[in-house]
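Chemist: Below you'll find the structure I mean.
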Amino acid sequence: MAKQHRALRTRQELIRSAAEVFDHVGFADSSINAISSRAGMSTGAVHFHFGNKRALGNAVELAAAQSLLHITGRIPLRHPAPLQHLVDTSHSLARCLLDDPVLRAGFRLGTDATWQSDGDLWEQWQDWVHMMLTVARDQGSLAPEVGVEDAVYAITAVVAGFEVRARRDAEWCSRQGVNRFWRLLLPRLASERVARSLVPEGTVTPVWRLAGHTPALGR
């Protein structure tokens, strides 16, 4: 059992180190040597646990996808306030993009021309937003003139912009930064009945924050 725990811990450390290197220089310019050095391990440890750099990339992407699922949760089809849930979740995602290098690297891999995979975190996020807006529409929470596809496009594009800009200025993924976006969009997005009750700065503390940890490495 102790041996298995050490092996799992080693894999997690290598995934995190790979994520930090991918996030910093991209997949193509990263190297096994840089990743192993950052983890304080030998290149042999990387080859033993993952085989090659592409396998490490797959592991980072999978861990990031699991972290994103932890942030969004499953689609709550009967959520009483789907638009507020969308706002709150976007705040959690923005905060995690600052705190979690694995999640951040997973999103970056999705826009890296040198990386090819079957998964894409931006598509995962876009699909979740689409479903939440569909729930909102079916409950009458969207303004009558708002199309779900148009709203999905705008929200996904802006959140992607936050992720890119935050690489140089963390303010873009701060609560204040995300609040600015929702303060502008919500009056246009929400029905008159719902708009007055929405809080653009978010209403809840994420579960992972209450637990005192960051959702990294597929937790």
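Chemist: Helix 53-72 sits at what angle to the longest principal axis of the chain, using alpha carbons and giving 0 to 90 degrees rounded to 10?
Modeler: Roughly 30 degrees, rounded to the nearest 10.
Chemist: Return the distance in nm (one decimal) between the two label points of a simple spin-label model at Q176 and T134, each offset 7 Å from Cα along Cα→Cβ.
Modeler: Once both label points are built, they end up 3.8 nm from each other.
Chemist: Additional query: Pull out the extension gain between S31 and A7, defined as 0.36 nm times the separation in residues minus the alpha carbon to alpha carbon distance; nm, one decimal. Don't jump to the answer; show the numbers that get you there.
Modeler: Working: separation 24, 0.36 × 24 = 8.64 nm, distance 2.16 nm.
This chain segment gains 6.5 nm when fully extended.
Chemist: If you don't mind, another one. Relative contact order for the stretch 1-98 using alpha-carbon pairs under 8 Å, separation at least 6, rounded to a whole percent? Walk me through the numbers before you get to the answer.
Modeler: Working: 44 pairs, mean separation 22.0, N = 98.
Once divided by the residue count of the stretch 1-98, the mean separation gives 22 percent.
Chemist: I need the calculated FRET efficiency for the pair Y153 and T111, taking r as the beta carbon distance and R₀ as 25 Å, to the nearest 0.05. Don't jump to the answer; show the numbers that get you there.
Modeler: Numbers: r = 16 Å, r/R0 = 0.66.
Efficiency, rounded to the nearest 0.05: 0.90.
Chemist: Quick one: net charge of H79's neighbours, Cβ under 14 Å, K/R +1, D/E -1?
Modeler: Values: positive: R74, R78, R137; negative: D88, D138.
Charge balance near H79 sits at +1.
Chemist: Hey, any idea what % of the stretch 96-201's accessible area is carbon plus sulfur with a 1.4 Å probe? Don't jump to the answer; show the numbers that get you there.
Modeler: Working: 2800 of 5520 Å².
Carbon-and-sulfur percentage of accessible area, whole number: 51.
Chemist: In Å², what does the accessible area per residue of the chain work out to with a 1.4 Å probe?
Modeler: Working: 11480 Å² over 219 residues.
That works out to 52 Å² per residue.
Chemist: Something else: What's the angle, to the nearest 10 degrees (0 to 90), between helix 148-165's Cα axis and the longest principal axis of the chain?
Modeler: 40
Chemist: Express the C-alpha Rg of the chain as a ratio against the empirical globular expectation 2.2 N^0.38 Å, rounded to two decimals.
Modeler: Values: Rg = 18.8 Å, N = 219, 2.2 N^0.38 = 17.1 Å.
The value comes to 1.10.
Chemist: Here's another thing I want to ask about it. Taking the 0 to 90 degree range and rounding to the nearest ten, how far is the long axis of helix 82-99 tilted relative to the main principal axis of the chain, both from C-alpha atoms?
Modeler: 30
Chemist: With an 8 Å cut-off on Cα pairs and a minimum separation of 6 or more residues, tell me the relative contact order of the chain in percent. Walk me through the intermediate numbers first.
Modeler: Working: 261 pairs, mean separation 59.7, N = 219.
Answer for the chain is 27 percent.
The values are calculated or read from the model by the stated rules, or taken from the named source; none is laboratory data. All figures in this text were calculated on a predicted structure; none of them were measured in a lab. Using ideal geometry, Cβ is built from the backbone for each residue, glycine included, and neighbour counts are taken over all protein chains shown. Just the protein is used for accessible areas: all its heavy atoms, side chains included, with ligands, DNA and RNA removed. Shrake-Rupley method; radii C 1.70, N 1.55, O 1.52, S 1.80 Å.
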